[in-house]
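**Student:** The structure's right below; bear with me while I get my questions together.
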Amino acid sequence: MKPVEGPDFFLLCGGLGSGKTTLLSDYLAQAEAADTGVIVNEFGEISVDGALIATERPGLNMAYLSNGCVCCSIGNGLRDAVEELMRAKERQGRPLRRIVLETSGLARPGPVVRSLSELRHLGPRLGIVSTYDCRQDWLRGCETGAEATAHIAAAHIVVLTKTDCVDAGSLAGLAGRVGGLNPLARIVVAPDRHDRALQAFSGVLAKQSFFALDEGTGAATHPDVSVLRVRWASPVDWPTVEDWLEDLAGFCGERLLRTKGFLDVAGSSDRVLIQGVGTVFDTPRRIAGARDAPEGLIIILRDLDMLSFQEFLDAVPGSPAIASPSNTAFRVSAQAGGR
């Protein structure tokens, strides 16, 4: 019996802050992305990426997975999200042509793909797209290299991002190293954002069978990571935020992996988006229409216990408080499989 024709399924992976959400937003802005559903998976209780995409693309068919890292703790959430997206689109009279799952920067592709076996009856095809941050160049780092290697090795397409941060010679060398790690992958190096997005999500599925990838049956592994949400009790003066972020970077150093969220800043009618990768922060920007998004910062830390972090908060004037004590830290152990 011929399987039911389902939507194409794109797994979008890549390191923390490597440009996954920007790539996806650029694609969704184009006519070719019509009839696309999106599933966003993030650590912590605020889906910042989901809120950004929803703000820019009203009416988009979207679902959220907020149960932590999708490759470690998935349950039936992903299957239910896919089926709900399909039902929602069918109620509109037009079936989904594709679904994009944007994973957390810590998720490895193999366990996610194995979990999708429950959707075999839909007959979908799979494309794995990985972003690679040229500025960070994780393949040179011993701690982050393992995650980057897992993303690149599984990908059908690797999209080099932040290419303007390196010179032409370095970019060519980096593309060569990425291609050497996965010679079967197509490497996308495109200066134009919209062209890059089209190349990322076009043509990858023609000859890819849905369950071709198999990374073995071993448990997923991660660094020892803590995820928490902090927030100020009321609109906060920007100088206070600026000083606190500087103190945060100084205290955590290399243990700070990611900072991301929306803040109510005194004097601004719009929420302010804060984003940082490691100790490097983007220029804050106002996001019109983000008033309905949860307020606060999601902070992802490596090898830093919560007692030490609370002592830091207590010692620094103007610090926010850790929000929602019942879900203060979603902790990923060094051997996270089976949780």
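**Student:** Figure the gain on full extension for Asp80 and Ser268 (residue separation times 0.36 nm, minus the Cα-Cα span) and round it to one decimal in nm. Let's see the in-between values first.
**Tutor:** Numbers: separation 188, 0.36 × 188 = 67.68 nm, distance 3.84 nm.
Gain on extension, Asp80 to Ser268, equals 63.8 nm.
**Student:** Let me ask something else about it. Please give the length that would be gained between Arg97 and Gln310 if that part of the chain were fully extended, namely 0.36 nm times their separation in residues minus their C-alpha to C-alpha distance (nm, one decimal). Write out the running numbers ahead of the final one.
**Tutor:** Working: separation 213, 0.36 × 213 = 76.68 nm, distance 4.68 nm.
Computed gain between Arg97 and Gln310 is 72.0 nm.
**Student:** Give the calculated FRET efficiency between Thr149 and Glu254 to the nearest 0.05, with a Förster radius of 22 Å applied to their Cβ-Cβ distance.
**Tutor:** Values: r = 19 Å, r/R0 = 0.87.
Calculated transfer efficiency: 0.70.
**Student:** Continuing with this model, one more query. How far apart, in nm, are the 7 Å Cα→Cβ label points at Arg87 and Leu171?
**Tutor:** 4.6
**Student:** Under 5 Å between amide H atoms, partner at least 5 residues away or on a different chain: which partners does Ala323 have, H built in plane at 1.01 Å?
**Tutor:** The list, which skips near neighbours in sequence, is Arg229, Val230, Arg231.
**Student:** So if R0 is 56 Å, what FRET efficiency would Ser202 and Asp237 give, r being the distance between their Cβ atoms, rounded to the nearest 0.05? Mind showing how you got there, number by number?
**Tutor:** Values: r = 46 Å, r/R0 = 0.82.
The pair Ser202/Asp237 has a calculated efficiency of 0.75.
**Student:** What FRET efficiency comes out for the pair Arg286/Leu181, r = Cβ-Cβ distance, R0 = 35 Å, nearest 0.05?
**Tutor:** Values: r = 39 Å, r/R0 = 1.12.
With R0 = 35 Å, the Cβ-Cβ based efficiency is 0.35.
All of the numbers you see were taken from the coordinates with simple rules; none came from a lab. This one's a predicted model, so the numbers in the text were calculated from it and none came from an experiment. Every residue, glycine as well, gets a Cβ built from its backbone with ideal geometry; the counts of neighbours run over all protein chains shown.
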